[in-house]
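Asks: First, the structure itself, so that you have it in front of you.
The values are calculated or read from the model by the stated rules, or taken from the named source; none is laboratory data. Just so it is clear, the structure is predicted and the values come from calculations on it, not from any experiment. Positions of Cβ are backbone-derived with ideal geometry, glycine not excepted, and every protein chain shown enters the neighbour counts. Please note that ligands, DNA and RNA were not included when accessible areas were found on the heavy atoms of the full protein model with its side chains. Shrake-Rupley method; radii C 1.70, N 1.55, O 1.52, S 1.80 Å.
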Amino acid sequence: MALEHAILVSLSERSGSGYELARRFERSIGLFWSATHQQIYRVLKRMEEAGRVAVDLVEQSGRPDKKVYTVSAAGHAELARWLAEPDPSAGTQELAVKIRGASFGDLAAVAAELTRHRDTHAERLDVYRQIEKRDFPDPAALHGRSLHQYLVLRGGIRVEEGQVEWFTEVLQALHRDAGHHTKGAS
């Protein structure tokens, strides 16, 4: 994922200046996707040149005009395309941005992507548990190299358990949310 998609999500939530956007990244999106002020300004310039954001100049007394960025129609189309695009190699950070932006695209496509990732993590978890059962039947008796190998395997198991639980929680919440919107639209 490019920083551009995280910026499109943030600007879809609320337009703002480059400075305001950088502050939002520090307080919010930056918890799972970090970017420096320079990176944000550089990407905003490219996005403006590509027509994905529009810029309004706001006069300020005693200071240079402030550029306020909003997502253009082309930017909304790019965000919707990216949200629906499957990415088997996406990591937790990219998926967190997709979840954050889910309401700006095809919610069913985002849910399908999350389901694929949950299933991949569940498969990996099953493999790790099989290895644990086969190679480490008595963990309390381990020492030295065997103990160290076991501890690494346990770390992998814990990570995969957490990923499966998180994706399951997100999918349940998205399903409830989709049902709520369907009922509200009737």
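Asks: Given the condition among the small types (G, A, S), in contact with a Gly (Cβ under 8 Å, 6 or more places away or on another chain) and open to solvent by less than 40 Å² (accessible area, probe 1.4 Å), answer yes or no: does some residue in region 11-31 qualify?
Replies: yes
Asks: Considering only region 55-88, how many residues are assigned to a strand (DSSP E or B), open to solvent by 50 Å² or more (accessible area, probe 1.4 Å) and not acidic (D, E)?
Replies: 7
Yes/no per residue for (1) part of a helix (DSSP H, G or I); (2) touching a strand residue (DSSP E or B) at 6+ places or on another chain (Cβ under 7 Å); (3) in contact (Cβ under 8 Å) with a residue 40 or more places away in the chain:
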position	(1), (2), (3)
A90	no, no, yes
A112	yes, no, no
R118	yes, no, yes
D126	yes, no, no
Q130	yes, no, no
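Asks: If I ask for residues that are touching a helix residue (DSSP H, G or I) at 6+ places or on another chain (Cβ under 6 Å) and open to solvent by 70 Å² or more (accessible area, probe 1.4 Å), which ones from region 40-51 would you list?
Replies: Y41
Asks: Sort out which residues of region 57-80 are free of Cβ contacts under 8 Å to residues at least 24 places away in the same chain and either charged (D, E, K, R) or within 19 Å of R24 (Cα to Cα) (or both), and write them in order of number.
Replies: E59, R63, D65, listed by residue number.
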